[in-house]
Amino acid sequence: MTIRAKILKTLILGAPASGKGTISSRIVKKYNVEHVSSGDKLRDHIEKQTELGKEVKKYLNEGKLVPDDVIIKFMITELKKVESKPWLLDGFPRTVAQANALWKVQPVDLVLNLVVPFEVIIDRVKNRWVHLPSGRVYNIGFNTPKVMGKDDVTGEDLIQRPDDKPEAVQKRLQIYESVTRPVITFYKEKGILKEFEGRTSDEIWPKVTAYLDPILK
Ligand code: AMP
């Protein structure tokens, strides 16, 4: 049996704004897997002002992690909905408690870790604009929208995420170092972690395809 036939469960890790979103959408498109992004799903709940959205809004705005019990329950339910499909999980797990909870219900097959220098990340976030309904991300000077402040496809407004403010980014990077770093170790010890280094997504992408092509194509 090939790994593909087994319905591959892949996970992508990387610091905030390491290009996880960009690499994930390229993977989803090229290999036709379901994208499950905890951040996108939470932002969607906030946008729609659901009970969960109201509960988690303050954490997202301040760049803090949503409590483990809340996010674990939410994401396990979301993953149940796509259990028959190959998926790429993005943004979850972020703590060892989350990684353990996920491992119990659904051990992942592959973990991709994007390694981007922190100074590159901070610079990138200052110039980042997103189209909330689609999750499309623009970077001024690098991947600039055709009309400033507008989405290329729909013409709708782009926003700067509140958690992309410099104070929030610093906070998110600190959290990443202290809380998420052990998640990398967790998967390294399982022997399923593969690291990809680079300063931009275009530098990282060919390394990712070279690794995934033989497995997923
Ligand atoms: P992201 O788009 O993945 O950077 O997520 C944006 C924000 O959503 C984070 O800064 C957290 O506030 C929240 N969030 C997303 N995923 C998780 C998670 N696995 N655990 C806790 N909080 C999360």
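Hey, among Lys146, Lys150, which residue is modelled with pLDDT of 95 or more and surrounded by 15 or more Cβ atoms within 10 Å (Cβ to Cβ)?
Lys150
Tell me which residues, restricted to segment 42-61, are near the ligand (Cβ under 8 Å from one of its atoms) and surrounded by fewer than 18 Cβ atoms within 10 Å (Cβ to Cβ).
Tyr59
Counting only residues that are surrounded by 19 or more Cβ atoms within 10 Å (Cβ to Cβ) and at pLDDT below 90, which one in segment 174-186 is nearest to Leu8 (Cα to Cα)?
Thr180
Against the definition (at pLDDT 85 or above, touching an Asp or Glu at 6+ places or on another chain (Cβ under 6 Å) and among the polar types (S, T, N, Q)), how does Asn113 come out, yes or no?
Yes: the conditions hold for Asn113.
Of everything in segment 6-37, what is more than 24 Å from Asp202 (Cα to Cα) and within 11 Å of the ligand (Cβ to nearest atom)? Give them in sequence order.
none
Filter segment 80-110 down to the residues that are away from the ligand (no atom under 12 Å from the Cβ) and aliphatic (A, V, I, L, M), then identify the one that is farthest from Asn32 (Cα to Cα).
Result: Val105.
Which residue pairs have Cβ atoms under 8 Å apart, sit 6 or more places apart or on different chains, and have a first residue in segment 188-215 that is under 20 Å from Phe118 (Cα atoms) and a second that is among the hydroxyl-bearing types (Ser, Thr, Tyr) and modelled with pLDDT under 95?
Close Cβ pairs satisfying both conditions: Ser201/Thr22.
I'm trying to understand the selection: among the residues of segment 60-97, which are hydrophobic (A, V, I, L, M, F, W, C) and in contact with a strand residue (DSSP E or B) (Cβ under 7 Å, 6 or more places away or on another chain)?
Scanning segment 60-97 gives Leu79, Val82, Trp87, Leu88, Leu89.
Count, please, the residues in segment 187-211 that happen to be surrounded by fewer than 19 Cβ atoms within 10 Å (Cβ to Cβ) and either among the aromatic types (Phe, Trp, Tyr) or modelled with pLDDT under 95 (or both).
Here the count works out to 5.
The values are calculated or read from the model by the stated rules, or taken from the named source; none is laboratory data. On a predicted model such as this, the values are computed, not experimentally measured, just so you know. Note that each Cβ is placed from the backbone with ideal geometry, even for glycine, and that neighbours are counted across all protein chains shown.
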